Amino acid sequence: MSNEDKPVTYGDVFSVSSELGSEIIAPEDAAIMQSAESIALGHVPRGGPASLMQSAASQNERIGVAATNDITDFAREHGVTVSQVEVGGTRVVSESVGGEVVAQYIYPSEAGGGGDDEERSARYPTTGVQEEAVTVGEALEAVALKPAGDKPIEQSDAAAIQAAEARATGRSEVVPGGVGAEAQRAASINAQTDDKTTLGDVLRDATSKLIDDKAVKKEDAEGVVGAEIRNTPNLATHPGGVAASITTASNLNKF
């Protein structure tokens, strides 16, 4: 069997225990790690853990040992996290799957470029837990920073965005001119044209389109997941999509 036809495990990519190391890297594990990096770091580092996991998961899908929505028990039961700590003016980032660190590396505080110190502090928290809880708007914007941002908006995406907006604003109706209305309009037009509007087009500045915002809680994530699932033929969420990002934000907030 050539390397291209061999399942890729965590042990093939990271220095981890034999228990996690023998697990095949699943697509949903990679998608969740992308969401976590986007929210915690402001982008998905090129060549970082999420990028490596995505490449491995893609190979596992290609050879038929993993399906798009597969997730390992480690990630499902114990989560996928990105945490940071400030050491001598330098951020040390730790990324974990199932409670076990898969990667730890130094990340310059000015990484990402641009913006004043206050903006960088908000985007790049310096403690192991977010100093300020991740909001619905920030979680939506994180989708635009990931590969999922290039995905054309479908009805399931619009439904999830509307559900997220409702959770943020406390309003059950669609807000005229809001991000939910824009997403619904894009989904309707996309169904009739080849010139598609993407998630990134709509969510890049989602926070400014919300009339109110709030920290993401577990019940918010559950509501968004339900909205996305109800509008997909296979009753599943999109890897790295709106529901995945809101769920990751809830996990990072820990409430």
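The values are calculated or read from the model by the stated rules, or taken from the named source; none is laboratory data. Remember, it's a predicted structure, so these values are computed and weren't measured experimentally. Counting neighbours? That spans all protein chains shown, and the Cβs are built from the backbone with ideal geometry, glycine included. Accessible surface areas use protein heavy atoms only, side chains included; no ligands, DNA or RNA. Shrake-Rupley method; radii C 1.70, N 1.55, O 1.52, S 1.80 Å.
Hand me the list of helices (runs of 4 or more DSSP H) wholly inside the range 10-57 holding 1 or more residues that are more than 20 Å from Gly149 (Cα to Cα), modelled with pLDDT of 90 or more and open to solvent by less than 20 Å² (accessible area, probe 1.4 Å). Show your work before the answer.
Values: elements: 10-13, 18-21, 27-41.
Fully inside the range 10-57 and qualifying: 10-13, 18-21.
Read through the list (1) at pLDDT below 80; (2) surrounded by fewer than 16 Cβ atoms within 10 Å (Cβ to Cβ); (3) not in a strand (DSSP E or B), then give the number of the only condition that Gly112 fails.
All conditions are met except number (2).
For residues that are at pLDDT below 85 and touching a helix residue (DSSP H, G or I) at 6+ places or on another chain (Cβ under 6 Å), scanning just the range 135-147, find the one that is surrounded by the fewest Cβ atoms within 10 Å (Cβ to Cβ). Let's see the steps before the verdict.
Going through the range 135-147, the residues at pLDDT below 85 turn out to be 145-147.
Of the ones still in play, those that are also touching a helix residue (DSSP H, G or I) at 6+ places or on another chain (Cβ under 6 Å) are 145-146.
Numbers: Leu145: 21, Lys146: 26.
Residue satisfying both the conditions and the ranking: Leu145.
Going by what's in this entry, would Thr72 be described as over 15 Å from Phe14 (Cα atoms), in contact (Cβ under 8 Å) with a residue 60 or more places away in the chain and hydroxyl-bearing (Ser, Thr, Tyr)? Break it down into steps so the answer makes sense when it comes.
Numbers: over 15 Å from Phe14 (Cα atoms): yes; in contact (Cβ under 8 Å) with a residue 60 or more places away in the chain: no; hydroxyl-bearing (Ser, Thr, Tyr): yes.
In short, no.
Yes or no: the range 206-217 includes at least one residue that is small (Gly, Ala, Ser) and out of contact with any strand residue (DSSP E or B) (no Cβ under 8 Å at 6 or more places or on another chain).
First pass over the range 206-217, keeping only residues small (Gly, Ala, Ser): 206, 208, 215.
Still in the list and also out of contact with any strand residue (DSSP E or B) (no Cβ under 8 Å at 6 or more places or on another chain): 206, 208.
The answer is yes, given that some residue of the range 206-217 is small (Gly, Ala, Ser) and out of contact with any strand residue (DSSP E or B) (no Cβ under 8 Å at 6 or more places or on another chain).
Among what's in the range 204-237 and is more than 19 Å from Asn69 (Cβ to Cβ) and of a type in the set (S, T, N, Q), pick the residue that is nearest to the chain's Cα centre (by Cα). It would help to see each step written out before you state the result.
Within the range 204-237, the subset more than 19 Å from Asn69 (Cβ to Cβ) is 204-220, 223.
Imposing the further condition that a residue be of a type in the set (S, T, N, Q) reduces the set to 207-208.
Working: Thr207: 16, Ser208: 20 Å.
Across the range 204-237, the extreme among qualifying residues is Thr207.
Given the conditions (1) more than 17 Å from the chain's Cα centre (by Cα); (2) open to solvent by less than 30 Å² (accessible area, probe 1.4 Å); (3) on the phi > 0 side of the Ramachandran plot; (4) not hydrophobic (A, V, I, L, M, F, W, C), report the number of the one that Arg91 does not fulfil.
Result: Arg91 passes all but (3).
How many residues, within the range 70-87, are in a strand (DSSP E or B), of a type outside the set (Gly, Ala, Ser) and open to solvent by 20 Å² or more (accessible area, probe 1.4 Å)? It would help to see each step written out before you state the result.
Filtering the range 70-87 down to residues in a strand (DSSP E or B) leaves 80-87.
Applying the additional criterion that residues be of a type outside the set (Gly, Ala, Ser) yields 80-82, 84-87.
Still in the running and open to solvent by 20 Å² or more (accessible area, probe 1.4 Å): 81, 85-87.
The total comes to 4.
For the range 163-219, which residues satisfy the criterion of being open to solvent by 40 Å² or more (accessible area, probe 1.4 Å), outside any loop (DSSP other than H, G, I, E, B) and closer than 22 Å to Arg230 by Cβ?
Those that are open to solvent by 40 Å² or more (accessible area, probe 1.4 Å), outside any loop (DSSP other than H, G, I, E, B) and closer than 22 Å to Arg230 by Cβ: Arg167, Glu182, Gln184, Arg185, Ser188, Ile189, Lys218, Glu219.
Can you confirm whether Ala236 is of a type in the set (A, V, I, L, M, F, W, C), at pLDDT 95 or above and closer than 19 Å to Ala31 by Cβ?
On the way: of a type in the set (A, V, I, L, M, F, W, C): yes; at pLDDT 95 or above: no; closer than 19 Å to Ala31 by Cβ: yes.
No.
Quick check on my filter: what residues within the range 190-203 are of a type in the set (A, V, I, L, M, F, W, C) and either within 22 Å of the chain's Cα centre (by Cα) or closer than 16 Å to Gln162 by Cβ (or both)? Show your work before the answer.
Just the residues of the range 190-203 that are of a type in the set (A, V, I, L, M, F, W, C), to begin with: 191, 199, 202-203.
Passing the criteria: Leu199, Val202, Leu203.
Does Ala67 qualify as being over 16 Å from Phe14 (Cα atoms), open to solvent by 20 Å² or more (accessible area, probe 1.4 Å), at pLDDT below 50 and among the hydrophobic types (A, V, I, L, M, F, W, C)?
Details: over 16 Å from Phe14 (Cα atoms): yes; open to solvent by 20 Å² or more (accessible area, probe 1.4 Å): yes; at pLDDT below 50: no; among the hydrophobic types (A, V, I, L, M, F, W, C): yes.
In short, no.
Across the range 170-192, which residue is farthest from Ala40 (Cα to Cα) among those that are at pLDDT 95 or above and β-branched (Val, Ile, Thr)?
Checking each candidate, the answer is Ile189.
Collect the residues in the range 95-106 that are buried (at least 16 other Cβ atoms within 10 Å of the Cβ) and in a strand (DSSP E or B), keeping them in residue-number order. Reasoning before the result, please.
Taking the range 95-106 and keeping what is buried (at least 16 other Cβ atoms within 10 Å of the Cβ), we get 95-98, 102-103.
Once the filter is applied, which keeps residues that are buried (at least 16 other Cβ atoms within 10 Å of the Cβ) and in a strand (DSSP E or B), the range 95-106 yields Glu95, Ser96, Val97, Val102, Ala103.
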